[in-house]
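We did not get these values from a lab; they are worked out from the coordinates using the rules stated. Small disclaimer: the values here were computed from a predicted structure and weren't measured. Please note: Cβ atoms are built from the backbone with ideal geometry, for glycine as well, and neighbour counts cover all protein chains shown.
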Amino acid sequence: MAQIVVPELAESITEGTIAQWLKQPGERVSKGESILELETDKVNVEITSDYSGVIKEVLKDEGDTVNIGETIAIIEEGEVANPVPHVSELEVASDLTNKASNDVIASPTARKLAREQGIDLTNISSVDPLGRVRQQDVTNYTPGNSSTVIASPIVEPQVIQQQTTTESKPVERRKMSRRRATIAKNLVEVQHTAAILTTFNEVDLTAVINLRKNRKDSFLEEHDVKLGFMSFFTKAVVCALKAYPLLNAEIQGNELVVKKFYDIGIAVSTNEGLIVPVVRDANHLSFAEIEREIGNLAKKARTSKLTLSDLQGGTFTITNGGTFGSLVSTPILNAPQVGILGMHTIQNRPIAIDNERIEIRPMMYLALSYDHRIVDGKEAVGFLVKVKQLLEDPEKLLLES
């Protein structure tokens with residue numbers, strides 16, 4: 001027998017949640033084959049088997065929290081002619097009754113509890129819509145009564161009162177995913193540890209839009225990628241960070257670490273919440289390379305294929321609420337970074353060109369949130385003005401980048 005344990009993933013990750021078992025007891029598995037999906041604070045990863053054989057038993061349920069190094073499954077190594085049934089050795093040895101317990105679909109926790117209490121799983125009725133016996137079904141089982149058991153989880157008196165007063169109101173309860181819980185924790189923590197301020201400006205995107213319109217076909221033909229807005233904003237941010245380096249820094253203890261590289265995080269919305277993959281060394285990339293990298297990272301994020309290395313080490317973040325129609329917002333820092341630029345929806349507005357002319361221009365509000373502990377208002381405003389100037393004069397942006 002061989003044990004499958006949760007491997008080390010990254011220095012900052014000590015535990016995870018089993019999102020999905022890809023292999024079930026009785027199924028064959030080859031060395032290197034994925035057997036489960038593990039949800040961590042940052043990304044979902046597939047855990048592979050170090051052995052070939054048959055899954056003998058899984059020790060943890062989907063939704064269970066497991067620690068690095070913890071045993072989560074047992075594998076019978078080698079080629080096995082007849083796969084073991086969906087039941088552990090101990091269950092067979094106990095010979096509780098002559099009924100085929102291996103026909104019952106049950107969680108590992110429920111099987112273990114049933115073994116300990118000498119209960120035949122075939123006598124237990126499940127409240128699960130799919131018929132899977134869970135721990136609460138075993139706990140609520142009454143000998144001699146095989147009828148459907150109504151689950152009655154133990155709750156505090158005040159919770160009972162709350163449920164009584166709202167029982168006529170429809171509600172839906174969902175368990176918060178590990179990633180959503182981590183996002184919530186980090187957002188609250190950064191609010192408590194950083195002195196966050198936000199400064200605003202607006203940018204006239206006429207020149208950028210005209211340039212994209214004139215060059216989009218030739219750009220796509222030459223580079224096999226579309227010329228979007230994000231490459232312009234990424235280039236402008238890198239130039240502005242070079243002029244105002246404290247926005248590319250972080251606080252480590254009593255030291256201020258100013259970074260001389262430019263790994264730009266690009267916030268991407270997924271079903272599990274906002275995630276920020278990183279475009280490495282953006283200062284060395286062309287417009288086409290930036291667009292291609294952002295596209296690849298966004299695709300990986302939405303298909304849960306990001307690796308931990310895709311998410312670590314960003315120095316500054318760009319987030320685009322405009323894709324959802326946001327006109328203006330105050331983005332929250334992506335700690336330990338000290339700056340984040342918020343893009344917003346492009347809106348045609350009347351703009352005074354001079355004392356006599358008013359024109360309709362495509363305008364976007366920009367928001368820069370920054371950590372006032374190390375970035376003063378003068379630097380923050382100067383950074384945002386620099387970004388605005390570069391976007392309104394793409395030729396200057398090309399020269400400075």
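A cut-off of 5 Å between modelled amide H atoms, ignoring neighbours fewer than 5 places along the same chain, links residue 372 with 195, 196, 197. Applying the Karplus relation 6.51 cos²θ - 1.76 cosθ + 1.60 with θ = phi - 60° to the range 258-263 yields 3J(HN,Hα) values of 9, 8, 9, 10, 10, 9 Hz, where x marks Gly and Pro. Taking amide H positions as modeled 1.01 Å from N, with prolines and chain starts lacking one, the residues under 5 Å from residue 279 and 5 or more places away or on another chain are 264, 265, 266.
Cross-link partners of residue 56 among lysines, defined as those whose alpha carbon lies under 20 angstrom from its own and excluding same-chain residues fewer than eight positions apart: 23, 31, 112.
Our analysis of the range 197-303 gives Rg over Rh at 1.01, with the two radii drawn from alpha carbon positions and Rh computed by the Kirkwood formula. Across the range 352-367, coupling constants 3J(HN,Hα) worked out from phi with the 6.51/-1.76/1.60 Karplus curve, θ = phi - 60°, read 6, 7, 8, 5, 10, 10, 10, 10, 7, 10, x, 10, 9, 7, 10, 10 Hz, and Gly and Pro carry x. Evaluated at q = 0.09 Å⁻¹, a Debye calculation over the C-alpha positions of the range 180-400 (equal weights, vacuum) places log10 I(q)/I(0) at -0.36. Past the 30 Å Cα-Cα mark, which pairs from 260/300; 300/396; 42/169; 185/242; 213/378; 235/305? Check vs 30 Å cut-off fails for 300/396; 42/169; 185/242; 213/378.
Here the translational diffusion coefficient of the range 287-382 follows from Stokes-Einstein with Rh set to the Kirkwood radius across Cα pairs; for 37 °C and 0.692 mPa s it amounts to 205 µm²/s. Taken one residue at a time, the phi angles of the range 39-49 give Karplus couplings (6.51, -1.76, 1.60, θ = phi - 60°) of 8, 10, 4, 10, 7, 8, 10, 8, 8, 9, 8 Hz. Gly and Pro are set to x. Extending 7 Å from Cα along the Cβ direction at residue 3 and again at residue 201 yields two label points whose distance is 5.8 nm. Distant-in-sequence amide contacts of residue 361, defined by a placed amide H-H separation under 5 Å and a gap of 5 or more residues or a different chain, comprise 349, 351. Approximating the spin labels as points 7 Å out from Cα along Cα→Cβ, the residue 221-to-residue 270 distance works out to 3.8 nm. Between residue 210 and residue 385, the contour length at 0.36 nm per residue exceeds the Cα-Cα span by 60.9 nm.
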